[in-house]
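The values are calculated or read from the model by the stated rules, or taken from the named source; none is laboratory data. Note that the structure is a prediction, hence the values are computed from the model and not measured. Cβ atoms come from the backbone with ideal geometry, glycine included; neighbour counts cover every protein chain shown. Just so you know, the surface numbers come from the protein's heavy atoms only, side chains and all, with ligands and any DNA or RNA stripped out. Shrake-Rupley method; radii C 1.70, N 1.55, O 1.52, S 1.80 Å.
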Amino acid sequence: MSDAQAGASFVLVVEDEPTIQALIARTLRQHAFQARIALRRDEVLALAGDEACAAVLLDLGLPDDDGMDIARALRERSDVPILMLTGRAAVRERVSGLEAGADDYIVKPFDSEELVARLRAVLRRKPRVERRRPRAVAIRLGAGQLDLATREFAGPSGSEKLTEQELRLLRAMVDNDGPLARASAYGLVFGRKWEPTDRSLDVHVANLRRKLKAALGGRDPIATLRGKGYELSASASLETEDGG
Ligand code: CA
């Protein structure tokens, strides 16, 4: 995903089967939807919590997780439209999925036109504007504050301009419950899967840490938890346009 697309609304695709995932992504693009892909539960919940997430296409048969549980977890947090993807024979599954809070389901294999029609119907029934929460305008971190529009982080010892990736990284750490795992960070910050040889996250964390420390006057607000990921050690909160 390019920086220019970062603020655009997107459909979150939770589907592990590569051919179906590719078909969905292509179909969405052809119909002018942005697609973002996530498979891990923490990533799905974080991305679905983003106000730019228009809907979630959720496969019930995931290798490492239960789509039904994810649907319930999503529903506890928001009323983002959920369109489930289920196997042909699983009638019981479809009923359970609807009970878990999905808005509609689509049976595999499906036609791309049907997918778009179902998605549009769900979006019409639950237009985003009705569930829009106050927009975040700033992140307070320790004694400093980041302006989300200008990406300027101002602290007692000075001001530093963050890159788009550094901003997303900090936002992901603020939004995440508990440490931000490496694999999740790749999905949230770069929109791609983590490969063990990929060191770009370390570079962005180091740069972000250096800037925050400089503005805060030497205190390191990012804790590295071995084998778990990154966590903010300073108090952090979002400030919204309505003053919340
Ligand atoms: Ca699957």
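Quick look at the numbers
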item	result
Flag for residue 60 being in contact (Cβ under 8 Å) with a residue 24 or more places away in the chain, within 16 Å of the ligand (Cβ to nearest atom) and among the aliphatic types (A, V, I, L, M)	yes
Sole residue being assigned to a helix (DSSP H, G or I), open to solvent by less than 20 Å² (accessible area, probe 1.4 Å) and within 15 Å of the ligand (Cβ to nearest atom), chosen from 106, 70	70
One residue from 56, 80 being among the β-branched types (Val, Ile, Thr), assigned to a loop (DSSP other than H, G, I, E, B) and surrounded by 17 or more Cβ atoms within 10 Å (Cβ to Cβ)	80
Residue within region 217-232 that is assigned to a loop (DSSP other than H, G, I, E, B), within 27 Å of residue 53 (Cβ to Cβ) and modelled with pLDDT under 90 present	yes
Tally, over region 203-237, of residues that are in contact with a helix residue (DSSP H, G or I) (Cβ under 9 Å, 6 or more places away or on another chain) and open to solvent by less than 60 Å² (accessible area, probe 1.4 Å)	15
Test: residue in region 7-23 that is modelled with pLDDT under 90, open to solvent by 50 Å² or more (accessible area, probe 1.4 Å) and more than 16 Å from the ligand (Cβ to nearest atom)	yes
Residue within region 52-70 that is under 20 Å from residue 177 (Cα atoms) and in contact with a Gly (Cβ under 6 Å, 6 or more places away or on another chain) present	no
Exclusive hit being modelled with pLDDT under 90 and either touching a strand residue (DSSP E or B) at 6+ places or on another chain (Cβ under 6 Å) or open to solvent by 20 Å² or more (accessible area, probe 1.4 Å) (or both), set 196, 156	196
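For (1) touching a residue at least 60 places away in the same chain (Cβ under 8 Å); (2) under 19 Å from residue 46 (Cβ atoms), each residue gets a yes or a no:
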residue	(1), (2)
141	yes, yes
144	yes, no
166	no, yes
195	no, no
